[in-house]
Amino acid sequence: MKEKLPLSKQITYSLGQFGWSLLSGIISTYLIFYYIPTGKSGIQVFIPQVAFFGFLTIIGMITMLGRFFDAITDPLIAKLSDKSTSKKGRRISFMQKAAIPFALFTVLVFFTPVKDKSIINAIFLTVTLLLHYFFLTMYVTPYYALLSELGHTPEERLNLSTYISVTCFLGFAVASQAPLLWNAFIDLGYAKETAILIAFTILSVIGLIFLLIPVFTIDEKKYCESVPSKLNMIESIKKTFSNKEFSKFVVSDFVYWIAITIFQNALIFYVTILLDKPEEMLGLLLVLLGVGSFIFYVPVNFLAKKYGKKKLLVFAFILFIVVYVYGIFLGKLPISTTVQAYLFVILGSIPMAVFGILPNAVIGDIAEYDANKTGMKREGMFYGTRTFASKLGQMVSMFILSALLLLKRNGTNEIGIRLTAVVAALFCILGLVFLLMYNENKISHKKSDTNA
């Protein structure tokens, strides 16, 4: 048994999550804002704003290609990391190589070689976005695999998962404040596009520093049992899915990602159409959603240790179903629409806290169980496959959402918006069914039991 990871190292490990959440948050929050500017944004149009089939824009196709590329590289990086024999360790070596280009391409995504509307900018964006996602995966997949290896017990993995959930929230929170930074440079006389690029450069440098903290402070060889896998990628994927408990859980997780992505992307329509509130209220609700989840992190950690992870995840799925059913009737209830909005996000913040912490810890438990049973340590592939499934779920949700939003009645797409809540609730029910099949007691047995 390797040394137990001290609290100070647990904190430095979690700071890497702050770094990649900050960089990822820049892209997820501002990519569409920057390249499909509204008249009020004051940003120049750099990419032709044409639509194919009436709804598919160039930036939409680029982002879908990016997410698909991001998803398919997960198993590849996972396998390469599992097989690595680097002196720095199987995970840290990949994280170190990925950190600088990850930060660099985060900035270059917003750099336009032609200072006018041009297809060249679209091509440049495609290349830089794909490279951003590649190096994100190259950092994140080994990073998550480390969670299973640094945490030697279910309790230690749960604590690590809680810490990275906190730093994940903080990273996205800092990214959300980028307008304050670029407005400061606008006040100094810079053009808005230049000010935005400067702001993202500063934030990316900060993100890079945090990416490197676990790289230079954690001795992987000291704290992790590192046995390189000799299986090729196809064999490793087959072995991963041959673990029946993993297959049940990852299908449940895949369905969860469909539902939660619908929730996140449809929220602006719930606010502006169903509740007839101004767009500005969305920012306040997102802050409330994040802070609400943050508040519940500690109770979730405590309750998971006392009652088990599965029971909390079942409760979270049930509460999500309640939230979505409630969402169907937004704007139709006999209470203030403002109260309806606050109640919607407060209720939603509870299951989001549960799903923000527990799935990573569950995957870590499954990976350890599998290693004890088979003698092969393939943490990277377990986390890589789970990440692939989550990204696939996000892609599916975007297709569903875009199709539902095209449904109209009496000149409005209100019916389509309400149907997004119906569909999300149905997916949550499906996810709950698969989760109930997952045998937590089997996975949670001690090593001596798993070898039996």
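Brief remarks on what is shown
- Scan of the stretch 331-352 for residues that are of a type outside the set (A, V, I, L, M, F, W, C) and either assigned to a helix (DSSP H, G or I) or crowded, with 19+ Cβ neighbours inside 10 Å (or both), ordered by number: THR337, THR338, GLN340, TYR342, GLY348, SER349, PRO351
- So ALA191, is it surrounded by 20 or more Cβ atoms within 10 Å (Cβ to Cβ) and either among the hydroxyl-bearing types (Ser, Thr, Tyr) or under 20 Å from LEU108 (Cβ atoms) (or both): no
- One residue stands out among those in the stretch 175-186 that are of a type outside the set (Phe, Trp, Tyr) and buried (at least 19 other Cβ atoms within 10 Å of the Cβ): the one that is farthest from the chain's Cα centre (by Cα), which is ALA178.
- Annotation note: Cβ proximity below 6 Å between a residue of the stretch 127-151 that is at pLDDT 85 or above and a residue that is surrounded by fewer than 24 Cβ atoms within 10 Å (Cβ to Cβ) and among the aromatic types (Phe, Trp, Tyr) (sequence gap 6+ or interchain) occurs for THR128/PHE105; LEU130/PHE69; LEU131/PHE105; HIS132/PHE105; TYR133/PHE69.
- Beta carbons closer than 7 Å, at least 6 apart along the sequence or on distinct chains, pair a first residue in the stretch 1-20 that is touching a residue at least 24 places away in the same chain (Cβ under 8 Å) and assigned by TED's automatic domain parsing to the domain that holds ALA103 with a second that is outside any helix (DSSP H, G or I) and surrounded by 14 or more Cβ atoms within 10 Å (Cβ to Cβ) for MET1/HIS152; LYS2/CYS224; LYS4/HIS152; LYS9/ILE218; THR12/ILE218; TYR13/ILE218.
- Counted residues, the stretch 303-330 - those being surrounded by fewer than 18 Cβ atoms within 10 Å (Cβ to Cβ) and modelled with pLDDT of 90 or more: 11
- Whichever residue in the stretch 261-276 is surrounded by fewer than 23 Cβ atoms within 10 Å (Cβ to Cβ) and modelled with pLDDT under 85 and, among such residues, is nearest to PHE388 (Cα to Cα): THR261
- The residues on offer are LEU197, LEU160, LEU188, and the sole one that is modelled with pLDDT under 90 and in the same structural domain as ASP70 (by TED's automatic domain parsing) is LEU160.
- Only one of the numbered conditions (1) free of Cβ contacts under 8 Å to residues at least 24 places away in the same chain; (2) assigned to a helix (DSSP H, G or I); (3) not hydroxyl-bearing (Ser, Thr, Tyr) is not met by PRO278, and that is (2).
- Qualifying residue in the stretch 213-223 (condition: at pLDDT 85 or above, outside any helix (DSSP H, G or I) and more than 30 Å from GLU3 (Cβ to Cβ)): no
- Only one entry of GLU414, GLU440 meets the criterion of being touching a Lys or Arg at 6+ places or on another chain (Cβ under 6 Å) and among the acidic types (Asp, Glu), and that entry is GLU440.
So that you can scan it fast, the table gives a plain yes or no per residue for (1) modelled with pLDDT of 90 or more; (2) of a type outside the set (Phe, Trp, Tyr); (3) assigned to a helix (DSSP H, G or I):
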site: THR385; (1), (2), (3): no, yes, yes
site: ALA403; (1), (2), (3): no, yes, yes
site: ALA424; (1), (2), (3): yes, yes, yes
site: LEU430; (1), (2), (3): yes, yes, yes
site: HIS445; (1), (2), (3): no, yes, no
site: SER448; (1), (2), (3): no, yes, yes
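- Of all residues in the stretch 68-121 being in a loop (DSSP other than H, G, I, E, B) and hydrophobic (A, V, I, L, M, F, W, C), the one that is modelled with the lowest pLDDT: VAL114
- Qualifying residue in the stretch 229-245 (condition: within 20 Å of TYR324 (Cα to Cα), within 24 Å of the chain's Cα centre (by Cα) and modelled with pLDDT of 85 or more): no
- Filtering the stretch 164-174 for residues that are more than 22 Å from the chain's Cα centre (by Cα), in contact (Cβ under 8 Å) with a residue 24 or more places away in the chain and either surrounded by fewer than 19 Cβ atoms within 10 Å (Cβ to Cβ) or on the phi > 0 side of the Ramachandran plot (or both) leaves an empty set.
Residues checked against (1) closer than 22 Å to ILE26 by Cβ; (2) surrounded by fewer than 18 Cβ atoms within 10 Å (Cβ to Cβ):
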| residue | (1), (2) |
| --- | --- |
| SER84 | no, no |
| GLY89 | no, no |
| GLN96 | yes, no |
| VAL109 | yes, no |
| LYS115 | yes, yes |
| ILE120 | no, yes |
| LEU125 | yes, no |
| THR128 | yes, no |
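- In a residue-by-residue description of the stretch 353-370, the property of being over 18 Å from PHE269 (Cα atoms), surrounded by fewer than 16 Cβ atoms within 10 Å (Cβ to Cβ) and either out of contact with any strand residue (DSSP E or B) (no Cβ under 7 Å at 6 or more places or on another chain) or free of Cβ contacts under 8 Å to residues at least 24 places away in the same chain (or both) applies to no position.
- Residue count for the stretch 92-125 under the criterion of being in contact with a Ser or Thr (Cβ under 6 Å, 6 or more places away or on another chain) and either under 13 Å from MET138 (Cα atoms) or not hydroxyl-bearing (Ser, Thr, Tyr) (or both): the result is 8.
The values are calculated or read from the model by the stated rules, or taken from the named source; none is laboratory data. Remember, predicted model here, so these are calculated numbers, not experimental data. Because the Cβ atoms are built from the backbone with ideal geometry, glycine has one as well, and the counts that use them run over all protein chains shown.
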